[in-house]
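Asker: Below is a structure I'd like to ask you about.
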Amino acid sequence: MVETPDKIRALGVCYYPEHWPRALWAKDAVLMAQTGLQWVRIGEFAWSRIEPKPGEFDWAWMDEAIQTLGCAGLKVIIGTPTATPPRWMLDKHPDMLGVDASGNLRKFGSRRHYCFSHLGYRHECARIVQKLGERYGKNPHVAAWQTDNEYGCHDTVLSYSRSALRGFRDWLAQRYQSPEALNKAWGNVFWSMEYGEFDEIDLPNLTVTQPNPAHVLDFMRYSSEQVVAFNRVQTDILRQFTDKPLIHNYMGRTVEFDHFAVGADLDIASWDSYPLGFLEDRSDEGENWKQRFMRQGDPDFQAFHHDLYRRVGSGRWWVMEQQPGPVNWAPFNPAPLLGMVRLWTWEAFAHGAETVCYFRWRQAPYAQEQMHAGLLRPDSEPAPALGEAAQVARELAELPETACGRADVALVFDYQSAWGWSIQPQGKSFDYFALVFDFYRALRRLGLSIDILSPDDANLGDYKLVLMPGLMSLSAGLKKAMAAFGGTILSGPRTGAKVGTMQIPPALPPDISGLDCRVEYVESLRPGAEVSLAGGGAFIHWAEKLETSLKPLELTSGGAPALVGDGDRFYLAGWPDQIALNRMLKNLCNQENVATLDLPDHIRVRNSGPVRFVFNYGAEPVSFEGTEIPPAGVHWHRR
Ligand code: GAL
């Protein structure tokens, strides 16, 4: 047995024993431990091997795999296999498949082929999770559990099935109690959309033109709650059998369900970080940026999700899957610059991750992901990332434990706003994630460490600066928290623009007490069109016309108020480009005595308790504060 130090920070790997001959398992386990890995996740797609026929279980292979891995000193995470129901499940539940917005069935033959609203399938999940809990809940080698795999992956939150329709009608009846109340809340007098009974209400797809935004928003809320309920079935069962942490692995730039709500039922949040895949697949940046960072990933994308999922996990979070080399699923799949796997791992630890697991141990020679790298090649020889993982494991042993610490600046992230603005963007380029991410990037350029808050956080704490761009509705609780908060708050654009039923507030947005300012009208701006600002930079995508008695701190070049404020409450009347954001945020930081830097795009810093980390996302060496940092380099020192 190979001894590894049991520190909070640890490395791990995702492993699929069912993909490999048993003769390899023990060798694999020993090499994992020798590399310095402490965790190994198994099982999350293995339903057809655990229960080959309905009610017939084959535990022998899984017992042996867990035993083999455990005896090598590894701690096992069992993933429940509910993201991949086997083919026979469809014979039991022919109507369990998801249905897309065009009404097409999402068929068997890949994964995530289930509808969250299907109660029969939920029951099957309860059954398999119960069996797993009974068998492995007290197994000494099993030290954590993962529910399902990547809720929402492949656009699976919204399903327009018969089950969803039934569930949605019930949900509406509970929420509104009477059709009259629903008609009023949705404004159904418009276009004669009034309903006489809940059973007349359909799902909001396949309408002639736009459905009522309130109808769609409620369907998104309902769908998000099905994810929460689906997950809770599993956590309620697992808790009867184990006191080990329960985890889910979320994704990057995925907003279709409320992660804070799912996270409330779990002990640790984790996410799957594929920096190069995400740059190709999910970044709004242009060609130059993508070329420049094609082997490193966007310098802010990983950090944003680290900070987001730290909050989703109430402080405890992991990277469950870390990209180790080229992936197979993005439009282009380059290899990471040598050193980046190490950098990504350290960046996660700098943001407070407890564990980083690489995906996957050995590249599979068959099926959908045969072109996806692992720590080993398909012939079991080391792939480049294996050495980088081993290096991090050695370095972990040297680095003193660091606490993640609390940042001076916080940014509110709200899933409902993402839904609201996707339903009613008002301009093609208005995207909530993109807006919040622009603010995040600007803060990182200023060298700041950032915490992310949920809009339900009743206490804004002792942050110096809290930013709330695009926060669609201000709940009574948040208004109270804002009133009690002693630091600076920057709201806008589009903050407080709707009440919860997606209507314009009677007193007009932003409806923030103490701020005498109303949005008279808004305009969305086509690409290339902008509203320039007198102080430099411009509003892009979005600008608002304010009626206000407040003193403007920034004006458009045409002399209209662009940023207004009263003491420590500010409202921003547009979506600033990076030049304008940089200036405005720097001024607010100065006012609050928060020190800032001016970092180039490829240098990022993160304070982690007493230690300060510096990351070079560039392909060239840089000299930073007197230290030479190589390409893909990580530097840390005591603050
Ligand atoms: C993740 C998923 C894994 C694997 C990986 C490939 O989204 O959880 O199962 O498919 O992507 O990059």
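The rows are residues; the columns are (1) over 30 Å from Gln38 (Cβ atoms); (2) buried (at least 21 other Cβ atoms within 10 Å of the Cβ).
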site	(1), (2)
Ala348	no, yes
His351	no, yes
Thr355	no, yes
Trp361	no, yes
Trp419	yes, yes
Ser429	yes, no
Tyr432	yes, yes
Gly447	yes, no
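Asker: What pairs come up if the first residue lies in segment 588-614 and is closer than 23 Å to Trp344 by Cβ and in a strand (DSSP E or B), the second is open to solvent by 30 Å² or more (accessible area, probe 1.4 Å) and among the aliphatic types (A, V, I, L, M), and their beta carbons are under 8 Å apart, counting only those six or more places apart or on different chains?
Answerer: So the pair list comes out as Val605/Leu597; Ser608/Ala403.
Asker: Could I ask something else about it? Taking segment 273-291 only, how many residues are in contact (Cβ under 8 Å) with a residue 12 or more places away in the chain, among the charged types (D, E, K, R) and either within 15 Å of the ligand (Cβ to nearest atom) or out of contact with any Leu (no Cβ under 9 Å at 6 or more places or on another chain) (or both)?
Answerer: Of the residues in that region, 4 qualify.
Asker: If you don't mind, another one. Quick check: anything in segment 364-379 surrounded by fewer than 17 Cβ atoms within 10 Å (Cβ to Cβ), away from the ligand (no atom under 16 Å from the Cβ) and modelled with pLDDT of 95 or more?
Answerer: yes
Asker: Can Met340 be described as away from the ligand (no atom under 14 Å from the Cβ) and farther than 24 Å from Gly12 by Cα?
Answerer: Taking the combined requirement at face value, the residue does not satisfy it.
Asker: Mind listing just one residue for me: the one in segment 154-201 that is assigned to a loop (DSSP other than H, G, I, E, B) and among the polar types (S, T, N, Q) and, of those, farthest from the ligand (Cβ to nearest atom)?
Answerer: Ser178
Asker: Search segment 222-260 for residues being of a type in the set (D, E, K, R) and away from the ligand (no atom under 16 Å from the Cβ), and hand back the single one that is most open to solvent (accessible area, probe 1.4 Å).
Answerer: Checked segment 222-260; the qualifying residue most open to solvent (accessible area, probe 1.4 Å) is Asp243.
Asker: Going residue by residue through segment 602-621, is there one that turns out to be open to solvent by 30 Å² or more (accessible area, probe 1.4 Å) and closer than 29 Å to Asp431 by Cα? Steps first, answer last, please.
Answerer: Taking segment 602-621 first, the residues open to solvent by 30 Å² or more (accessible area, probe 1.4 Å) are 602, 607, 610, 612, 619-621.
Applying the additional criterion that residues be closer than 29 Å to Asp431 by Cα yields 602.
Taking every residue of segment 602-621 in turn, at least one turns out to be open to solvent by 30 Å² or more (accessible area, probe 1.4 Å) and closer than 29 Å to Asp431 by Cα.
Asker: Now, a different point. Ile540 passes all but one of (1) over 32 Å from the mean Cα position of the chain (by Cα); (2) open to solvent by 30 Å² or more (accessible area, probe 1.4 Å); which number fails?
Answerer: Of the numbered conditions (1) over 32 Å from the mean Cα position of the chain (by Cα); (2) open to solvent by 30 Å² or more (accessible area, probe 1.4 Å), the odd one out for Ile540 is (1).
Asker: Now a separate question. Going residue by residue through segment 15-37, is there one that turns out to be part of a loop (DSSP other than H, G, I, E, B), touching a Leu at 6+ places or on another chain (Cβ under 7 Å), crowded, with 21+ Cβ neighbours inside 10 Å and in the same structural domain as Glu388 (by TED's automatic domain parsing)?
Answerer: Yes: segment 15-37 contains one or more residues that are part of a loop (DSSP other than H, G, I, E, B), touching a Leu at 6+ places or on another chain (Cβ under 7 Å), crowded, with 21+ Cβ neighbours inside 10 Å and in the same structural domain as Glu388 (by TED's automatic domain parsing).
Asker: Go through (1) in a strand (DSSP E or B); (2) more than 29 Å from the chain's Cα centre (by Cα); (3) surrounded by 20 or more Cβ atoms within 10 Å (Cβ to Cβ); (4) among the aliphatic types (A, V, I, L, M) one by one and return the number of the condition Leu555 breaks.
Answerer: Of everything listed in (1) in a strand (DSSP E or B); (2) more than 29 Å from the chain's Cα centre (by Cα); (3) surrounded by 20 or more Cβ atoms within 10 Å (Cβ to Cβ); (4) among the aliphatic types (A, V, I, L, M), Leu555 misses just condition (3).
Asker: Continuing with the same structure: Looking at Arg41, Arg9 in this structure, which one is at pLDDT below 95 and surrounded by 13 or more Cβ atoms within 10 Å (Cβ to Cβ)?
Answerer: Of Arg41, Arg9, the one residue that is at pLDDT below 95 and surrounded by 13 or more Cβ atoms within 10 Å (Cβ to Cβ) is Arg9.
Asker: Residue by residue through segment 316-333, note down the ones that are under 20 Å from Asp300 (Cβ atoms) and either outside the structural domain of Ala269 (by TED's automatic domain parsing) or away from the ligand (no atom under 14 Å from the Cβ) (or both).
Answerer: Within segment 316-333, Trp317 is the sole residue that qualifies.
Asker: Another one. Consider Gly263 carefully, then state whether it is away from the ligand (no atom under 16 Å from the Cβ) and either surrounded by fewer than 22 Cβ atoms within 10 Å (Cβ to Cβ) or acidic (Asp, Glu) (or both).
Answerer: Here the answer is no, as Gly263 does not meet what is asked.
Asker: Name the residue that is nearest to the ligand (Cβ to nearest atom), counting only residues in segment 121-153 that are open to solvent by 20 Å² or more (accessible area, probe 1.4 Å) and free of Cβ contacts under 8 Å to residues at least 60 places away in the same chain.
Answerer: Going through the qualifying residues, I end up with Arg127.
Asker: Tell me which of these Leu206 doesn't satisfy, since it passes every other one: (1) in a loop (DSSP other than H, G, I, E, B); (2) open to solvent by less than 30 Å² (accessible area, probe 1.4 Å); (3) touching a residue at least 40 places away in the same chain (Cβ under 8 Å); (4) not assigned by TED's automatic domain parsing to the domain that holds Thr147.
Answerer: All conditions pass for Leu206, except number (2).
The values are calculated or read from the model by the stated rules, or taken from the named source; none is laboratory data. Keep in mind it's a predicted model, so treat the numbers as computed, not measured. Cβ atoms come from the backbone with ideal geometry, glycine included; neighbour counts cover every protein chain shown. Protein only, heavy atoms only, side chains kept; ligands, DNA and RNA dropped before computing areas. Shrake-Rupley method; radii C 1.70, N 1.55, O 1.52, S 1.80 Å.
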